[in-house]
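Chemist: Here it is: the structure, laid out below.
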Amino acid sequence: MCWLCDHPGATELDYQDHLRRLIATFGWAVQGVERDGIHPPWAYTVGLTPHRRPELVITGMGLTRATQVLNGVAAHLLHDAAPEPGTQAALLDGPLVEVVRVTAPWAHLNMAVEFYGQRIRGLQLVHADKRGRWPWDQGYQGVRGGQPVLGRREPAEHRRRVG
């Protein structure tokens, strides 16, 4: 259920204040977008931009799990450089991911744009399915609606596995 639904009488401004409090406390917040018919759920961070880090996004993953993954990676990002696009990593207690630069973050990360403007940067954590297949592989089995990839995959010579 959405925050506004859980807080009858609250306004969009109240929600933005809620996010600002989360960002002030933790350094970032996670904005979830519920499944909408055939469109899969997705989630992204809001608050990494002031730390000179790109915002993170995950598509095609349930919101609870996506929030856990984004929180783990965001916490790491505050103390380390952002991974390069093409980096593949098996996340601790998480899925195998490949980092893809979000081509048009201003078109997808609405709340981050609201807070920081259209010059935000974004990295998508594209996740493999349970059999290790990617959304661009034949036989990929993700959630209903798939896993939209919001940028171009790096050429093979720029991909590397870490961890």
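Chemist: The conditions are (1) out of contact with any Leu (no Cβ under 6 Å at 6 or more places or on another chain); (2) closer than 26 Å to Glu34 by Cβ, and Gln124 fails exactly one of them. Which is it?
Modeler: With (1) out of contact with any Leu (no Cβ under 6 Å at 6 or more places or on another chain); (2) closer than 26 Å to Glu34 by Cβ applied to Gln124, the lone miss is (1).
Chemist: Could you list, ordered by first residue, the pairs with Cβ atoms under 6 Å in which the first is in the range 71-98 and among the small types (Gly, Ala, Ser) and the second is surrounded by fewer than 16 Cβ atoms within 10 Å (Cβ to Cβ) and part of a loop (DSSP other than H, G, I, E, B), at least 6 apart or interchain?
Modeler: Gly86/Arg159; Ala89/Gly163; Ala90/Gly163
Chemist: So for the range 22-45 (the condition being closer than 25 Å to Glu154 by Cα, of a type in the set (S, T, N, Q) and surrounded by fewer than 19 Cβ atoms within 10 Å (Cβ to Cβ)), does at least one residue qualify?
Modeler: No - not one qualifying residue is present in the range 22-45.
Chemist: What number of residues within the range 122-150 satisfy the criterion of being within 30 Å of Tyr15 (Cα to Cα) and either among the polar types (S, T, N, Q) or not in a loop (DSSP other than H, G, I, E, B) (or both)?
Modeler: Qualifying residue count, the range 122-150: 7.
Chemist: Scan the range 24-33 and give yes if some residue there is in a helix (DSSP H, G or I), modelled with pLDDT of 95 or more and touching a Phe, Trp or Tyr at 6+ places or on another chain (Cβ under 9 Å), otherwise no.
Modeler: No, the range 24-33 has no match at all.
Chemist: Could you say whether any residue in the range 88-108 is within 16 Å of Trp3 (Cβ to Cβ), modelled with pLDDT of 90 or more and either assigned to a helix (DSSP H, G or I) or within 14 Å of the chain's Cα centre (by Cα) (or both)?
Modeler: Taking the range 88-108 as the starting set, the residues that turn out to be within 16 Å of Trp3 (Cβ to Cβ) are none.
Checked the range 88-108: no residue is within 16 Å of Trp3 (Cβ to Cβ), modelled with pLDDT of 90 or more and either assigned to a helix (DSSP H, G or I) or within 14 Å of the chain's Cα centre (by Cα) (or both).
Chemist: Just give me the residues in the range 40-59 being on the phi > 0 side of the Ramachandran plot and either under 9 Å from the mean Cα position of the chain (by Cα) or of a type in the set (Gly, Ala, Ser) (or both), in sequence order.
Modeler: Matches in the range 40-59: Gly47 only.
Chemist: Please pick out the residue among Arg153, Arg119 that is closer than 22 Å to Pro50 by Cα and in a loop (DSSP other than H, G, I, E, B).
Modeler: Details: Arg153 fails: closer than 22 Å to Pro50 by Cα.
Testing whether each residue is closer than 22 Å to Pro50 by Cα and in a loop (DSSP other than H, G, I, E, B) leaves just Arg119.
Chemist: Now for a different question. Going through the range 127-152 one residue at a time, which ones are in contact (Cβ under 8 Å) with a residue 60 or more places away in the chain, surrounded by 18 or more Cβ atoms within 10 Å (Cβ to Cβ) and not polar (S, T, N, Q)?
Modeler: So the first thing to find is which residues in the range 127-152 are in contact (Cβ under 8 Å) with a residue 60 or more places away in the chain, and the list is 127, 135, 142-151.
This time we only want the ones that are surrounded by 18 or more Cβ atoms within 10 Å (Cβ to Cβ), so: 127, 135, 142, 147, 149-151.
His127, Pro135, Gly142, Val149, Leu150, Gly151, listed by residue number.
Chemist: Name the single residue, out of those in the range 1-21 being outside any helix (DSSP H, G or I) and surrounded by fewer than 10 Cβ atoms within 10 Å (Cβ to Cβ), that is modelled with the lowest pLDDT. Explain how you work it out, then say what you get.
Modeler: We begin by selecting, within the range 1-21, every residue outside any helix (DSSP H, G or I); these are 1-2, 7-11.
With the extra rule that they be surrounded by fewer than 10 Cβ atoms within 10 Å (Cβ to Cβ), the set shrinks to 1, 8-9.
On the way: Met1: 55, Pro8: 82, Gly9: 85.
Top of the filtered list is Met1.
The values are calculated or read from the model by the stated rules, or taken from the named source; none is laboratory data. These figures come from a predicted structure and were not determined experimentally. Neighbour counts run over all protein chains shown; Cβ positions are idealised from the backbone, glycine included.
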